[in-house]
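Here is the structure we will look at, set down as C-alpha cells.
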Amino acid sequence: MKKSLLIGLLASVMFLSFASLVFALPTDIETLPEVTKATLFGDTGLINKAANLIFTGLLIVSTFFILIAAFQFVTGGGNAEALEKARAMLIWAVVGIAVAFLAKGLPTIIFGVLK
C-alpha cells in the first residue's frame, strides 16, 4: 500500500513538472523556428542527421557483437552449444550492419523518389 502510494505521488509530481513546461513555450508564431524543405531534407537536415546517428550507433553495436562472437568462437573449444551461440551472434551482427547501411541509404532513396 505504501509503495503504490509513493509511486503514485512520484508520478503526479513528474506529470505536473512536465505539464508546467507547456506553459513555458512561446505563444507567438514569429518566435518559432521556420521548418523548410532544406532543414528537413538537406545534407545537414534533420532526417539526414538522424540517419547518420542510427548508422553510427548500429555500426558500433554490431562491431561490439562481432568481437564478442569472435571471442566465443575462440574460447568455445569443442562445445557445440557455445559455437552455435557464437554463430547466431555473428549472423545477427551482420544483420545489424545491413540495417545500418539501409538506414544510411534509405533517406537518399526516398529523397530521390520524392523529387
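Of all residues in the range 47-70, which are among the polar types (S, T, N, Q) and either touching a residue at least 40 places away in the same chain (Cβ under 8 Å) or closer than 17 Å to residue 107 by Cα (or both)?
48, 52, 56
On the given criteria, is residue 63 at pLDDT 80 or above and either polar (S, T, N, Q) or exposed (fewer than 10 other Cβ atoms within 10 Å of the Cβ) (or both)?
yes
The values are calculated or read from the model by the stated rules, or taken from the named source; none is laboratory data. Given the structure is predicted, the values throughout are model-derived calculations rather than measurements. Here Cβ is always computed from backbone atoms with ideal geometry, including for glycine, and neighbour counts include all displayed protein chains.
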